[in-house]
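This report concerns only the one structure given below.
Please treat every number below as a calculation from the coordinates, not as lab data. The shown structure was predicted, so the numbers you read here are calculated from the model rather than taken from an experiment. Backbone-built Cβ (ideal geometry, glycine too); neighbour counts: all protein chains shown.
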């Protein structure tokens with residue numbers, strides 16, 4: 001059993017973490033670093049996965065500009081989703097070759113991680129047949145979209161904690177027309193400290209993925225690891 005590195009990078013722009021993930025993916029593939037997870041809150045952004053339908057973005061360019069919301073087509077699976085303040089986004093960089101090289105196993109494990117974390121707040125998360133993500137009373141509380149390269153993962157999950165759910169009103173979330181979205185704040189009728197939910201997610205990752213412990217390192221420590229890595233970090237952006 002090995003520890004899972006956890007890096008809390010705070011509020012970030014999507015493009016910054018996307019670039020960082022690509023560097024970490026390369027390092028993990030080379031065996032220079034172990035498994036890790038980045039935890040962040042993004043500035044307002046809509047991202048569209050490889051199977052996304054552009055028509056599922058309902059806002060006009062003028063509306064997006066006024067609201068200051070960026071839009072990116074990215075290399076994960078899935079349709080369109082929203083990221084923003086009050087939402088925890090987790091980006092696991094995990095080598096599935098060391099576990100089980102099976103994308104369905106990985107997706108179900110991420111779902112189980114979120115379900116286990118929600119349980120600590122008295123919330124019963126569930127799965128919906130034929131769909132990816134975690135739901136509470138038929139509304140989506142966590143979206144999942146991943147990329148796997150040589151069986152190393154990137155992208156990940158977004159869990160609505162104190163999220164402004166109105167931002168989902170300008171998209172068809174994950175391309176699903178007939179279901180709403182929810183958050184811990186909406187269910188519990190109070191704001192929940194993000195650090196409490198992050199800790200619950202870390203505990204669940206240790207349990208579900210069978211790590212020995214969580215080892216938190218700072219973004220500065222992570223930067224030193226990247227800067228001294230003996231492999232090329234010239235990745236495509």
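Cα centroid separation, the range 119-189 to the range 62-100: 12 Å. Ranked for footprinting exposure by Cβ neighbours inside 10 Å, fewest first, 79, 227, 67 give 227, 67, 79.
Rounded to the nearest 0.05, what FRET efficiency is calculated for residue 214 and residue 30 with R0 set to 25 Å and r the Cβ-Cβ distance? It would help to have the intermediate numbers written out before the result.
Working: r = 23 Å, r/R0 = 0.93.
My answer for the efficiency is 0.60.
Using DSSP, restrict attention to beta bridges with both residues in the chain and report what percent are antiparallel, rounded to the nearest 5. Please list the in-between numbers first.
On the way: 27 of 42 bridges.
Antiparallel bridges make up about 65 percent of those DSSP assigns within the chain.
Counting neighbouring Cβ atoms within 10 Å and putting the fewest first, the residues 118, 24, 222 line up as 222, 118, 24. Full extension of the chain segment joining residue 228 with residue 102 gains 42.2 nm, where the gain is 0.36 nm per residue of separation less the Cα-Cα distance.
Between residue 53 and residue 207, the modelled label-to-label distance comes to 3.8 nm, taking each label 7 Å out from Cα in the direction of the beta carbon.
For the peptides 42-54, 143-155, residues were scored by their other Cβ atoms within 10 Å and the scores averaged per peptide; the highest-first order is 143-155, 42-54. Taking the C-alpha atoms only, the angle from helix 14-29 to the longest principal axis of the chain is near 30 degrees.
Shown for 132, 40, 228: other C-beta atoms within 10 Å of each C-beta, ranked fewest to most, produce the order 228, 132, 40.
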